[in-house]
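The values are calculated or read from the model by the stated rules, or taken from the named source; none is laboratory data. Keep in mind it's a predicted model, so treat the numbers as computed, not measured. Neighbour counts run over all protein chains shown; Cβ positions are idealised from the backbone, glycine included.
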Amino acid sequence: MKEFIPKNLPLQQTIETTKVLKKTISANRALAKLNGVAKIIPNQAILINSLVLQEAKDSSAIENIITTHDELYLASVDMSNVSNEAKEVHHYSKALLMGFDLVKNNQLLLKKYIVAMQEELEQNDAGVRKQSGTNLKNAQTGEVIFTPPQEYETIQNLLDNLEKYINEPNENDPLVNMAIIHYQFETIHPFYDGNGRTGRIINILYLILKELLDIPILYLSRYIIKNKSDYYRLLQEVRTKDSLEEWILYMLDGVEQTSIETIELIENIYKLMEETASEVKEKLPKMYSKDLIEILFMHPYTKIDFLVERLSITRQTASKYLKELEELKIMKSIQIKNSKYFINTQLFAMLQKGI
Ligand SMILES: Nc1ncnc2c1ncn2[C@@H]1O[C@H](COP(=O)(O)OP(=O)(O)OP(=O)(O)O)[C@@H](O)[C@H]1O
Ligand SMILES: [Mg+2]
């Protein structure tokens, strides 16, 4: 099959149709509300940590790397007792957080950051494809859907063009740009593997770059899993039918729906934090501190060590605290091999459900 080489950006066709413009308004409104609501959580690391794991799980599931919530949270506190899948999912969240730091600190989203993230994700240094032969196949039938650019130089030129488009201002709404960038990146398909996941990380980092979000909390992977056949079909129809409008509307709808769901999740986490704080204050007043409550929410799974470090208390005191919290049914302990972990059960349930 002949290779398909995407056009350089910016695209020359009309992008912001009336339908698209209308949808950008509601999607932007929902996203702006999400960015505001996130600030009710006192320590932003709490949200970054828990939501990035959620996203890592969902985005990896699109690639059929399946892990459970138990393993996922366990991997985030201790990699020694988990499966290879959970480790792979953990690499996704590391790649994303690395990208977030780079974008935040440099106010740029460069090609070299994208390569670095993909290498972190895949744990190899293959980088941009040098050998031809990569095809996109239908997972069920094995039929070739399309053949991305094959030449190293073509790929590099397209990536340079994309880098410019990402970092230089243009007239389109940033959410529309995000959809265009995702299409372009998936079509260049610059790596041997991990293009889908790297492309989904770029989405969130682009929103940070354009200052629509202060921290990475809008993740489209859950929406994409729910609408996975549309995801592939609409991406492919931009290639075969030039039908950009439908693809953009799909992504804008993802932003809107996901923002609304994430707002609800954050409000629920906030309520739970407040309730937990009041209960501890009332029933275990000597133990209560703001920092303690934050640790219990920082990781759905926690360890004695975390309390020791963060609260500067002895192991003995930390373990007494966790035992008393277990008696109140705020935490639940589990033993895995030689290690003991404590689960914030209600937070766990909330994140598992997603709202
Ligand atoms: N049937 C298809 N139709 C259109 N595009 C496809 C199809 N299959 C894969 N793709 C594109 O290729 C990407 C997957 O590429 P690759 O396997 O390198 O990435 P990944 O991160 O390992 O996979 P995934 O996106 O499944 O998580 C998809 O995200 C999509 O953009
Ligand atoms: Mg793959």
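Return the total of residues in the range 196-227 being without any contact (Cβ under 8 Å) to a residue 24 or more places away in the chain and not in a loop (DSSP other than H, G, I, E, B). Qualifying residue count, the range 196-227: 2.
Reported count of residues in the range 204-222, each being under 9 Å from the mean Cα position of the chain (by Cα) and within 15 Å of ligand 1 (Cβ to nearest atom), is 4. Per the conditions (1) aliphatic (A, V, I, L, M); (2) surrounded by 18 or more Cβ atoms within 10 Å (Cβ to Cβ); (3) within 16 Å of ligand 1 (Cβ to nearest atom), the sole criterion not satisfied by Ala30 is (3).
A quick yes/no check of all residues on (1) more than 30 Å from Leu213 (Cβ to Cβ); (2) surrounded by 13 or more Cβ atoms within 10 Å (Cβ to Cβ); (3) of a type outside the set (A, V, I, L, M, F, W, C); (4) at pLDDT 95 or above:
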| residue | (1), (2), (3), (4) |
| --- | --- |
| Ile248 | no, yes, no, yes |
| Ile260 | no, yes, no, yes |
| Glu267 | no, yes, yes, yes |
| Tyr270 | no, yes, yes, yes |
| His299 | no, yes, yes, no |
| Leu311 | yes, yes, no, yes |
| Tyr321 | yes, yes, yes, yes |
| Glu324 | yes, yes, yes, yes |
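When the range 101-126 is examined, which residues are found to be β-branched (Val, Ile, Thr) and within 14 Å of Gly199 (Cα to Cα)?
Here is the first cut: in the range 101-126, the ones β-branched (Val, Ile, Thr) are 103, 114-115.
Answer for the range 101-126, where residues must be β-branched (Val, Ile, Thr) and within 14 Å of Gly199 (Cα to Cα): Ile114, Val115.
Exactly one residue among Leu96, Leu108, Leu159, Leu136 is closer than 30 Å to Ser50 by Cα and within 16 Å of ligand 1 (Cβ to nearest atom), and that residue is Leu96. For Asn172, the conditions (1) over 18 Å from Gln236 (Cβ atoms); (2) within 16 Å of ligand 2 (Cβ to nearest atom); (3) crowded, with 17+ Cβ neighbours inside 10 Å; (4) not hydrophobic (A, V, I, L, M, F, W, C) are fulfilled apart from (2). The residues of the range 72-90 that are within 16 Å of the chain's Cα centre (by Cα), surrounded by fewer than 24 Cβ atoms within 10 Å (Cβ to Cβ) and within 18 Å of Ser50 (Cβ to Cβ), listed by number, are Ser76, His90. In the range 206-239, the qualifying residues are those that are closer than 20 Å to Met117 by Cβ and of a type in the set (Phe, Trp, Tyr), and the one that is modelled with the lowest pLDDT is Tyr219. For the range 13-30, the criterion of being of a type in the set (Asp, Glu), more than 16 Å from ligand 2 (Cβ to nearest atom) and outside any helix (DSSP H, G or I) is satisfied by at least one residue. Close Cβ contacts (under 6 Å, 6 or more residues apart or on different chains) running from residues in the range 90-115 that are more than 28 Å from Ile66 (Cβ to Cβ) to residues that are polar (S, T, N, Q) comprise Leu108/Asn167.
The residue of the range 180-199 that is farthest from ligand 2 (Cβ to nearest atom), among those that are of a type in the set (D, E, K, R) and crowded, with 23+ Cβ neighbours inside 10 Å, is Glu186. Scanning the range 285-324 for residues that are outside any helix (DSSP H, G or I), out of contact with any Phe, Trp or Tyr (no Cβ under 8 Å at 6 or more places or on another chain) and in contact (Cβ under 8 Å) with a residue 12 or more places away in the chain gives a single hit, Ser289. Just one of the listed residues (Asn157, Asn161, Asn203, Asn177) is buried (at least 18 other Cβ atoms within 10 Å of the Cβ), farther than 26 Å from Val89 by Cβ, away from ligand 2 (no atom under 15 Å from the Cβ) and modelled with pLDDT of 95 or more, and it is Asn177. In the range 33-63, the qualifying residues are those that are under 24 Å from Leu292 (Cβ atoms) and part of a loop (DSSP other than H, G, I, E, B), and the one that is farthest from ligand 1 (Cβ to nearest atom) is Pro42.
Quick check on Gly142: is it under 30 Å from Thr24 (Cα atoms) and within 16 Å of ligand 2 (Cβ to nearest atom)? No; evaluated as a whole, the condition is false for this residue.
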